[in-house]
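The values are calculated or read from the model by the stated rules, or taken from the named source; none is laboratory data. Worth saying up front: this structure is predicted, and the values here are computed from it rather than measured. Every residue, glycine as well, gets a Cβ built from its backbone with ideal geometry; the counts of neighbours run over all protein chains shown.
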Amino acid sequence: MRRTISFRDFDWLLLAVVLLLCIISILEIYSATLHTKFVGFHTKQVFWVLGGLGAMFILSCINYHRLLGWIHWLYLFCLVSLAGVLVAGQRVMGARRWIRLPGGIHFQPSEWVKLILIIAVARYFANLARRELSWGDVAKAGLMVGIPMLLVLKQPDLGTSLTYFPVLLMGLFLGGLHWKKALILTVGALVLVVPVWYKVLKPYQKQRLTSFLNPDTDPRGSGYQVKQSLIAVGDGGLFGRGATKGTQTQGDFLPIPYTDFIFAAFSEEHGFVGAVFVLLLYFFVLMRLIQNAQTAADLSGTFLVMGVVAVISFQIAVNVGMVIGLMPVTGIPLPLMSYGGSSILFTFLALGIVMNVRMNRFVN
Amino acid sequence: MMNREEKLPAYKLSIVQYGIVAILLVLLSGLWRLQVVGAQNYRALAQENRIRKVPIMAPRGKLFDREGRLLVDNYPSISCFLIREQGRNIEADFPMIARGLDMTVDQLKSAVAHYRTSPKYQPIPLKQDITPDEQEFIAAHRDELPELEMISEQRRLYPRNGFAAHLIGYVGEVSDEMLNEPQYAYYEPGDVVGRSGVEQSYDQLLRGQDGSQDIIVDSRGRDVGTLGREPAIPGKDLKLTIDLDIQRAAEEALGDRNGAIVALDPHTGEVLALVSRPTFDPNDFAVRISRGDWDKLITDPNHPLMDKAIQAQLAPGSTFKIIMSVAGLQEGIAQNLHVDCQGGATFYGHFFACDQRHGLVTIHNAIPLSCDTYFYTLAQRLGIEKIAEWAHRLGLGQKTGIDLPGEVSGTVPSEQWKMRNFHQKWFAGETISVGIGQGALQVSPIQLARTIGGIASGGVFKRPHVVFPNELSTQYREAILDSYPGAGDVKVPIDPANWEIITEGMAAVTEPGGTAWGSHLEGIDFAGKTGTAQVISKNAGQNKIAANVADRPNAWFVGIAPRRNPDIIVVVLWQHGGWGSGSARMAAKVIETYVEKQRRLHHNVAQPPQPVEVGAVWSNPAHPDALGGRPLVRHAANQTDASMRAGHFFLHLPAGSAARPAPALFARRSLSQAASPAVYHAVNQDANRAANTAANGAASHAQNHAQNHAAGPVPARPAEVARLER
């Protein structure tokens, strides 16, 4: 007997922390764009967050089993939209990533592809549960994620295409991949990296992937970005320079301080204390998500939430890692913090699914 | 379809949780490393990123004449500097910069190479006084070339046509050789320093102190604000002892002739005028001089950069007879010396000629007649040691200590001097030549001015100087005295009777029968002494002007007014000018200007004269006023005047600008006056050449003499200008 779902079961605490992160983000975007031509982006971000909230509530009302049922159509839509971007996308700085929608809204399909892949992977592995994954299962899953990855890589958008990978990894891990197979796959992947490195990646992508190891070799290119980011974070010290007082942020030394490098800007202006606070908020969000995964009514619910966890934790690790010089510059935004409608919308839609999974936890 | 009983093993989610904790710990450790451990270092890097030190150039002090009339001014100009702090390798952009600034890539490279060792925050001067087009280029390429910085500087504006150029000097970038010298220890490459004249000797006062500004820039090098500001301390304005009217008269009197004129106030040693010819235009140095122009200046056989007033070392000719007379009278020999001049005499087996048969000559008429035979005889009686002793005591063979760089000390030959420098014995015949100011004897115009001015003042010798000592702090005054050592202020007792004999003799020089009678100034007590110094030791053509200009004798004249305790002494050197009487006419013009000015002042005590605004004479030649030749009334201080341009300022010195027609008596030229003899004999040619090297030794010798004679008659400063009149 199915109980009616109720917003009483909505994860209000999780939402509160998420909104706190959004407020911090909006304030930092305000500070980082204060002396640039992007001034006023924080108000746009407010609208994106409000829009995201709306989308989240709508999606949380749709039973996730329905989403799982629509997956074939969704996956087809995902492939079509990615192909559409390649054919008719808006070219910005040499890459076709954007689709212009009527009303002047630009959208990055690669963001919602993330969501669709989470659903697809969740459904696939949930169905395979309780038996050990065969090579065929792995190959199918690999293809399922690999095709959109290649399409996005073709745009070219290395960063976003990489974010699809943890979804697959999480699915394989939770789906029950034998450790021997995992080992073989790892070795195989390493072997595969070599032709990808030489054939698929463009020179600037390669340089971006390596220059973080030694920023001084390329002081004006991506190495410059890493260097300025490190200076910004270090300049923050323990308590930060104060809001709107970061010289690296305000002096335009820090590259795109309102999107990819927003964590550097925040760290400069609010210091170690502020940065740790934000990381703890993220930690809370992730733990809360995992808790929701545990309490999910069924395997597919768990897989859905864990897919979201995989994407968000990967993006945090890569983005913050990039800001503090531990990871290459890949153009992966920081969820909930970086300016950008597509990214915000994805995060809130993903949260909508999580909320639905949570609200359905007592069903049955 | 879905099995709702399924649950994942709990450990798998725990593994994910631990994985997330591990990731966060790694990120936290990274933040700790940057923000807690490395905070200081990164704070410094952030400061370096955004703060750019831009120098604020201190304007150099202006120079005024003794009445406060402007001699040297500044004008604003823009220079282009290269900032290196950004750390970018700019070499790749050199072709573009070279095009925009109208330079060559090699010039840029050498400029950068020159500053290789300087600290990074110090900007490299690329080009000075850039044109509006070049400024536009820099402004338009701010984004691509943020390293190019425009800095406003004050540049020197000198009188044109080399007016007082040697006195004032010029400024230029400090050279590498200068930087190695101790007095330039605190200078940096690229600093602008005085390279000659007052600009050099008073550089430390004039230069002021550059300030700096910390400008906040963004990543493209655009200014977004100012942090700190250390204002520049402007250089001190200096009042020179020069009198612009006298200087102008001297400039005009010398004209284009090769030589020098010095006018002093013997009471104080104040230099009233200092001219050297040929001259140069210091405005050419204000912006970096082109190699071609520079080569032309330094290879010119007439040495335009040489300040002949203090750097020419030449035989004084008959002007030395004043010194001989002092020596002869003070030693008690000349009073009783009577010589029958028969056109020369034989000494030590050689015939030494005089230019005329003067008949009976005593000390009273020896000076106006400039009789060589008399002074040959006197020299023989005195002997070279006594002559050298008196010459030293009266200030020859040593620097005067004038506060201008590069003064020479001249040469006073003696037995000791010759032995030391040539390892040869003194020939008695050489003494005879020295007696008439020839031979190895060498003096500079400024020495002659101090020495003869001092003799005419009854033995009170003053250090010549171009800046009033009371303009300077005690400390700086002492530093100047240390830096420019010389004979200084000395009193040498001269018997008043002898003083009168000599000054009366000098007065007779401009009387009928004197050698400079042609320069007689009616109503002015104008005394002096001519000198015609051989430049070659030949007897040929002794009584006529040599055909070859370079062989003509140097024409000297020393003029004073009035004859005793003179208010002004003028020394004229006209190289290869022929006869001393020609120089006398130049001196007469200067003295006349001076006396007329004094009379004017005297008669208008209640109403001081309006200063002539020197600034009014600068203008753009393209300006209609300038072409029209009408008198310009434009003030140089009005620096915003659009018609002004670097290095193109004009000092109008038309014939009428002195506002006085030439006196009629100058028209009545007389060449009938006897000139000094053209004979000089048996002088070792090597002695002439080596005289320079001997100069220093002679100077120290002379100083010992000077110290032994501290007391002497102090002539009273005349209160009345009327004294100048006969």
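Points worth noting:
- Residue list for the range B:396-431, filter: among the charged types (D, E, K, R) and farther than 26 Å from B:THR377 by Cα: B:LYS399, B:ASP403, B:GLU407, B:ARG420
- Options A:ILE324, A:ILE316: the member that is buried (at least 21 other Cβ atoms within 10 Å of the Cβ) and over 16 Å from the mean Cα position of the chain (by Cα): A:ILE324
- Unique residue being under 16 Å from the mean Cα position of the chain (by Cα), in the same structural domain as B:SER79 (by TED's automatic domain parsing) and farther than 27 Å from B:LEU45 by Cβ when the list is B:GLU199, B:GLU153, B:GLU173: B:GLU199
- The set of residues from the range B:295-332 being polar (S, T, N, Q) and crowded, with 24+ Cβ neighbours inside 10 Å comprises B:SER318, B:THR319, B:SER325.
- Residue match in the range B:93-106 (condition: surrounded by fewer than 19 Cβ atoms within 10 Å (Cβ to Cβ), β-branched (Val, Ile, Thr) and part of a loop (DSSP other than H, G, I, E, B)): yes
- The single residue among B:LEU82, B:LEU13, B:LEU70 that is of a type in the set (A, V, I, L, M, F, W, C), at the interface with another protein chain (Cβ under 9 Å from one of its Cβ atoms) and either farther than 30 Å from A:PHE283 by Cβ or without any contact (Cβ under 8 Å) to a residue 24 or more places away in the chain (or both) turns out to be B:LEU13.
- Hits in the range A:119-151 - residues which are in contact with a Lys or Arg (Cβ under 8 Å, 6 or more places away or on another chain) and more than 24 Å from A:LEU59 (Cα to Cα): A:LEU133, A:TRP135, A:VAL138
- Here is the figure for the range B:427-442: residues that are surrounded by fewer than 20 Cβ atoms within 10 Å (Cβ to Cβ) and either hydrophobic (A, V, I, L, M, F, W, C) or not in a helix (DSSP H, G or I) (or both) total 2.
- Test result for B:ALA22, facing chain A (nearest Cβ under 7 Å), over 25 Å from B:ARG84 (Cβ atoms) and out of contact with any strand residue (DSSP E or B) (no Cβ under 7 Å at 6 or more places or on another chain): no
- All positions within the range B:365-382 that are in a loop (DSSP other than H, G, I, E, B) and at negative phi: B:CYS371
- Test: residue in the range B:171-180 that is in contact with a Pro (Cβ under 6 Å, 6 or more places away or on another chain), more than 14 Å from every other protein chain (Cβ to nearest Cβ) and surrounded by 20 or more Cβ atoms within 10 Å (Cβ to Cβ): no
- Residue list for the range B:269-302, filter: closer than 27 Å to B:ILE452 by Cβ and at pLDDT 85 or above: B:GLY269, B:GLU270, B:VAL271, B:LEU272, B:ALA273, B:LEU274, B:VAL275, B:SER276, B:ARG277, B:PRO278, B:THR279
- Only a single criterion out of (1) in a helix (DSSP H, G or I); (2) under 30 Å from A:ALA141 (Cβ atoms) is not satisfied by A:LEU326, namely (1).
- Residue count for the range B:485-513, restricted to those that are of a type in the set (A, V, I, L, M), in a helix (DSSP H, G or I) and surrounded by 16 or more Cβ atoms within 10 Å (Cβ to Cβ): 6.
- Boolean, A:LEU34 is aliphatic (A, V, I, L, M), touching a helix residue (DSSP H, G or I) at 6+ places or on another chain (Cβ under 6 Å), at pLDDT below 95 and more than 22 Å from A:LEU280 (Cα to Cα): no
- Among the candidates B:PRO125, B:PRO119, residue that is modelled with pLDDT under 85, closer than 25 Å to B:SER175 by Cα and not in a loop (DSSP other than H, G, I, E, B): B:PRO125
- Residue check, B:LEU24 under 30 Å from A:GLY251 (Cα atoms), modelled with pLDDT of 90 or more and buried (at least 20 other Cβ atoms within 10 Å of the Cβ): yes
- Within the range B:347-364, the presence of at least one residue that is within 24 Å of B:LEU448 (Cα to Cα), assigned to a helix (DSSP H, G or I) and in the same structural domain as B:ILE436 (by TED's automatic domain parsing) is confirmed.
- Every listed requirement among (1) over 21 Å from A:ALA16 (Cα atoms); (2) at pLDDT 90 or above; (3) surrounded by 24 or more Cβ atoms within 10 Å (Cβ to Cβ) is met by A:MET306 save one, (1).
- Among the residues of the range A:307-327, the one identified as in contact with an Asp or Glu (Cβ under 9 Å, 6 or more places away or on another chain) and either among the β-branched types (Val, Ile, Thr) or facing chain B (nearest Cβ under 8 Å) (or both) is A:VAL323.
- Number of the exception - A:PRO335 against (1) surrounded by 24 or more Cβ atoms within 10 Å (Cβ to Cβ); (2) away from chain B (no Cβ under 11 Å); (3) of a type outside the set (Ser, Thr, Tyr); (4) in contact (Cβ under 8 Å) with a residue 60 or more places away in the chain: (4)
- From B:GLY531, B:GLY523, B:GLY518, residue being modelled with pLDDT of 75 or more, buried (at least 23 other Cβ atoms within 10 Å of the Cβ) and either assigned to a loop (DSSP other than H, G, I, E, B) or small (Gly, Ala, Ser) (or both): B:GLY531
- Residue check, B:ILE90 touching a residue at least 24 places away in the same chain (Cβ under 8 Å), farther than 30 Å from B:LEU244 by Cα and β-branched (Val, Ile, Thr): yes
- Top-ranked residue in the range A:237-285 [being of a type in the set (A, V, I, L, M) and outside any helix (DSSP H, G or I); ranked as nearest to the other protein chains (Cβ to nearest Cβ)]: A:LEU238
- Near pairs, Cβ below 6 angstrom, 6+ apart or cross-chain, from the range B:403-419 (assigned by TED's automatic domain parsing to the domain that holds B:MET324 and in contact (Cβ under 8 Å) with a residue 40 or more places away in the chain) to any residue that is aromatic (Phe, Trp, Tyr) and part of a loop (DSSP other than H, G, I, E, B): B:ASP403/B:TYR484; B:LYS418/B:TRP426
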